[in-house]
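Comments concern the structure below.
Values quoted throughout were computed directly from the atomic coordinates according to the rules given, and no laboratory measurement underlies them. Here the structure is a predicted model, which is why all the values come from computation and not from measurement. We place every Cβ from the backbone using ideal geometry, glycine too, and count neighbours over all the protein chains shown.
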């Protein structure tokens, strides 16, 4: 059995769950192609552990990104994904929201090359290098900033201080509540008016602690 066949079977097993989490059926084939691209590129890019089984990539990463999908406004015009890496969650959200432009910010040239391949699956993707120092709401008409497994909260806000100052909104995928509370405590030393809503996310497959942080 080839890797492609194994990957397809792994994905097909979870396809009904993807729909339950709010993914449109029309997006499923492109998402499967993206996961195949991601798996094939990992040996070169080292996006995740080379020992990771394909099932874990789907169950612990793809599903993780889709857990808060129902919280995303489908009428958003533009989203920025900081530290896109291999495209989680930015590419996934671009596929889920085809009318929304998703800007991927990734400093690694090799990873950017991979993300540009993904533009063939989602033409609403745009790939950029470093997050600009003057990151403002007017830049690309960004209405929401998302990130997963990127930086602590204070660093994310510091990278986009102008955007935050214009009451920009954030949609951040985080893990343990204890760690989030620590990050918020530190961030409020720099951003005194910081308010955040923390929403627990329950994986239907794994006993893991996940939260969505809305700012």
Using the beta-carbon distance between residue 71 and residue 117 and R0 = 25 Å, what value does 1/(1 + (r/R0)^6) give for FRET efficiency, to the nearest 0.05?
0.30
Summing -39500 (n - 2.57) over the DSSP H runs of n ≥ 4 in the chain and dividing by its residue number, what mean residue ellipticity at 222 nm do you reach, to the nearest 500 deg cm²/dmol?
-11500 deg cm²/dmol
Working out 0.36 nm times the residue gap between residue 33 and residue 186, then minus their Cα-Cα distance, what length gain in nm do you get to one decimal?
51.1 nm
Students often check this: by mean Cβ neighbours within 10 Å, which of 159-169, 60-70, 201-211 ranks highest, and how do the rest follow?
60-70, 159-169, 201-211
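Give me the extension gain from residue 162 to residue 107: residue separation times 0.36 nm, minus the current Cα-Cα distance, reported in nm with one decimal.
Numbers: separation 55, 0.36 × 55 = 19.80 nm, distance 2.01 nm.
Length difference between fully extended and current span is 17.8 nm.
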Cβ crowding within 10 Å averaged over residues, with 188-198, 9-19, 117-127 ranked highest first:
117-127, 9-19, 188-198
Taking a ≥ b ≥ c as the square roots of the eigenvalues of the Cα gyration tensor of region 69-170, is the shape rounded (a/c under 1.5), prolate (a/b larger than b/c) or oblate?
oblate
Helix 28-45: inclination vs the chain longest Cα principal axis, degrees, rounded to 10, gives 80
If R₀ is 22 angstrom, what is the calculated FRET efficiency for the pair residue 177 and residue 55, using the beta carbon separation as r and rounding to 0.05?
0.25
Which value in nm describes the separation of the simple spin-label points at residue 208 and residue 99, placed 7 Å from the Cα toward the beta carbon?
3.1
Just to confirm my numbers, what's the Cα centroid distance between region 128-163 and region 189-215 in Å?
18
Inter-label distance, nm, simple model (7 Å from Cα along the C-beta direction), residue 46/residue 151
2.2
